[in-house]
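The values are calculated or read from the model by the stated rules, or taken from the named source; none is laboratory data. Note that the structure is a prediction, hence the values are computed from the model and not measured. Note: ideal-geometry Cβ built from the backbone for every residue, glycine included; neighbour counts use all protein chains shown. Just the protein is used for accessible areas: all its heavy atoms, side chains included, with ligands, DNA and RNA removed. Shrake-Rupley method; radii C 1.70, N 1.55, O 1.52, S 1.80 Å.
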Amino acid sequence: MTTTWLDEVFGVKKPVIAMLHLSALPGDPGYDSTRGIAAVVDRARTELDALQSGGVDGIMVSNEFSLPYLTKTEPITAITMARIIGELLPEISVPYGVNVLWDGRASIDLAVATGARFVREIFTGVYASDFGLWNTNVGEVARHRTRVGGSDVKLLFNIVPESAKYLAERDLASITRTTVFATLPDAICVSGATAGSPTDLEALQVVKDAAGAVPVFVNTGVRAENVALQLGIADGAVVGTYFKEGGVFENPAEKSRVEELMSAAKAFRAGL
C-alpha cells in the first residue's frame with residue numbers, strides 16, 4: 001500500500017478513530033448549569049480512559065450533545081471545548097482531532113488552539129437539512145485555515161451529511177470526483193442517515209472508487225460484526241455509538257465494547 005498521511009499520523013493501516021462526545025455545553029439547551037463544566041470534564045475524562053485503554057488508534061472530540069446543532073456556532077462553544085481539551089491534554093496518548101458541529105471555521109480554530117491534527121466537518125455543498133437551508137463556503141474556510149496557521153491541520157470532508165439532502169441533482173460519484181478535484185480534501189467521510197446508523201456499503205464503494213488517492217473513512221454505523229467488511233473498502237473508520245454502553249448513543253463509552261471492536265479491526269488489519 002502507498003504511504004499516506006494516515007500512516008504518518010496514526011502509525012497503522014486503516015485507523016479507527018473514536019468519537020469523544022462531550023455533554024451539552026454552556027449555551028446549549030441541554031446544558032446542566034447546576035453541575036457545571038466540571039461535570040462535563042469528568043465524564044469526558046472517564047470516556048477518554050475507556051477509549052484509549054480499549055485500544056483505539058485516535059480520538060475526535062466533538063460537541064455531540066449540543067443539540068439542536070448550529071451551522072454557525074456561538075463563540076462560547078469552541079471556547080469551552082478548548083478549556084476541556086486543555087484539561088484532558090496531559091492524559092491524551094493517541095492522535096486527536098476536533099469537530100465543532102456544524103461549523104468548519106470554528107473547528108479549524110479549535111484545532112489550531114489545541115494542537116489537534118485533524119478536523120471533520122461539512123465543508124462543501126448546499127443542503128436541505130433538519131437545521132434549515134445549509135450552505136458552505138469551502139474556499140473561504142480553506143483560506144481561513146491558512147490565515148490562522150492551520151495549514152498542517154488535516155480536513156476530513158463529510159460528503160454525505162447526516163440529517164440532510166444535497167440540493168443539486170448529482171450522483172455520489174460525481175460529487176466525490178469534483179470534491180476531490182476542486183476543494184482539495186485530506187480525506188472524505190461517508191455516513192448513514194444519523195449517528196450510529198449503518199453506512200451503505202455500495203455508497204462507500206462508489207466514493208472509494210471515485211476518490212482516487214484521497215483516503216475515505218466510513219463515518220457511522222461501524223460495529224464489531226461489520227468492521228472487517230467496512231474496512232475492506234474504507235481506509236479508516238470513525239466510531240461513536242458502538243462504543244457506548246449497550247450501543248446507545250446517549251450512554252458513556254464502555255471499555256469492553258471498545259476492546260471488542262478493536263480486536264476485530266486489528267484481526268482484519270493483521271491480514272493485510
Notebook entry, point to check: For the range 82-196, which strands (runs of 3 or more DSSP E) that fit wholly inside it have 1 or more residues that are surrounded by 19 or more Cβ atoms within 10 Å (Cβ to Cβ) and in contact (Cβ under 8 Å) with a residue 60 or more places away in the chain?
Noted result: 96-99, 118-121, 132-134, 154-158, 187-190
Next item on the list: Among the residues of the range 229-241, write down those that are in a helix (DSSP H, G or I) and open to solvent by less than 50 Å² (accessible area, probe 1.4 Å).
Entry: GLN230, LEU231, THR241
Margin query: So, in the range 222-249, how many residues would count as being free of Cβ contacts under 8 Å to residues at least 40 places away in the same chain and out of contact with any helix residue (DSSP H, G or I) (no Cβ under 6 Å at 6 or more places or on another chain)?
Written below: 9
Note to self: Tally up the residues in the range 51-68 that are within 15 Å of ILE92 (Cα to Cα), among the aliphatic types (A, V, I, L, M) and either surrounded by fewer than 17 Cβ atoms within 10 Å (Cβ to Cβ) or more than 18 Å from the chain's Cα centre (by Cα) (or both), please.
What the structure shows: 0
Next item on the list: Output the residues belonging to the range 1-45 that are in a helix (DSSP H, G or I), under 16 Å from TYR96 (Cα atoms) and open to solvent by 10 Å² or more (accessible area, probe 1.4 Å).
Entry: TRP5, ASP7, GLU8, VAL9, PHE10, ARG45
Check: Restricting to the range 242-261, what's the tally of residues that are part of a helix (DSSP H, G or I) and open to solvent by less than 40 Å² (accessible area, probe 1.4 Å)?
Finding: 5
